[in-house]
Amino acid sequence: MKHKLNALKNTISSVLALLAIIFVVSCEEAFDFDLPDTGSIADLTLPQANFSYTPNPENFKIVKFTNESNESTNYLWDFGEGVVCEKDANGVIVCGTESTSTDKDVEFVKFDAGEGDYEVILTALDANQASGTNTQMVAIRDVFVPITPIVDNGDMEVGFTPSWKINAFTGGTTSTVNTSSDGAPFFYDGTEAPGKTKGMKFAAGTSNPANPGSRRYAYQALIVSPTTPDRTVKYVIEYMYAIKVAATPGSNITVQILDGHFDDGADALASTPLAESVASELNGKGNFITVKKEFTSNASGEIAIWIFGDTDQDAYIDNVKVYPKP
């Protein structure tokens with residue numbers, strides 16, 4: 001009997017020990033996700049949403065949004081009531097009555113309604129779905145900055161190949177006009193020079209329309225801001241010229257703005273220019289006159305300067321510029 005009691009005690013002790021082990025293990029598992037790992041630091045930095053925006057220089061209705069948020073991985077843009085954005089065939093997001101986007105940066109948003117103030121909200125979220133928001137009133141204004149083209153060698157200080165040379169000329173010559181040391185006594189910026197600068201010379205032998213095979217032309221292609229259905233863009237071509245007093249009355253230098261770019265001088269000559277300036281005052285060699293001619297850009301923004309002479313005496317061109325109308 002004594003041996004049976006001892007055996008029972010031993011069995012009970014073993015069962016109680018097993019239950020204690022199970023209890024401890026269960027408790028540890030229960031707290032696995034409640035207690036931080038040793039040395040861990042709680043994420044106390046919430047996402048901070050922020051953004052900037054830049055209007056497109058060619059179309060004020062198109063805006064580029066740049067995300068400047070911190071501590072975030074996901075984003076939600078809300079462009080406000082009255083704005084729906086859908087990408088067109090060119091990848092431009094065109095907006096109508098409502099719009100959201102989950103892109104980090106939104107390159108093109110077009111506000112078709114035009115000028116106004118639009119409430120734009122950016123929500124930035126992290127991996128734990130914590131979030132921060134930034135709300136800005138985005139001012140859409142028709143503040144247009146047109147392209148100011150650079151006229152290569154507009155001061156005529158170096159040779160005219162390739163800056164003023166046409167590539168080909170059916171029935172004509174691709175030879176450039178003559179360089180001259182009898183340019184205007186003014187630098188390109190308009191300040192007075194201590195003496196003559198270099199210029200472009202149209203000699204009598206290369207300025208006769210009766211000799212088309214030897215008549216020389218100056219050509220240069222440029223890019224300007226195009227005129228669109230929403231905007232008319234005005235430019236000015238400015239130049240200085242002088243013609244010898246001994247020239248036959250009616251002698252002139254013609255400066256044109258061509259509608260497009262041309263590879264063949266024959267096509268350029270036959271085209272209808274956007275603007276034409278015929279300078280014909282016989283003021284004498286070295287006595288330069290400034291001419292400014294306004295023109296409207298075309299739909300492509302591709303234009304060209306085309307210059308030629310019709311004179312029986314030497315004529316000169318200098319300081320050719322093209323710039324947006326002030």
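Just so you know, all these numbers are worked out from the coordinates, no wet-lab data involved. The structure displayed is predicted, hence computed values, not measured ones. Using ideal geometry, Cβ is built from the backbone for each residue, glycine included, and neighbour counts are taken over all protein chains shown.
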Suppose a student asked you for the relative contact order of the stretch 178-324, using Cα pairs under 8 Å spaced at least 6 residues apart; what percent would you report? 39
Residue by residue through the stretch 180-195, what is 3J(HN,Hα) from phi via Karplus (6.51 cos²θ - 1.76 cosθ + 1.60, θ = phi - 60°)? Round to whole Hz and write x for glycine and proline. 8, 9, 9, x, 5, x, 9, 6, 4, 7, x, 6, 6, 8, x, x
Evaluate the distance, in nm, between pseudo-label points positioned 7 Å from the Cα of N50 and of E294 along their respective Cα→Cβ axes. 4.5
Counting only other residues whose beta carbon sits under 9 Å from that of K293, what net charge do I get with K and R as +1, D and E as -1? -2
Where only alpha carbons of the stretch 249-326 are counted, the Rg and the Dmax (Å): 13.6, 39
Count, lysine Cα pairs under 25 Å in the stretch 178-324, 8 or more residues apart or across chains: 26
Quick shape check on the stretch 157-252: root eigenvalues a ≥ b ≥ c of the Cα gyration tensor, a/c under 1.5 is rounded, otherwise prolate if a/b tops b/c, else oblate, and it reads oblate
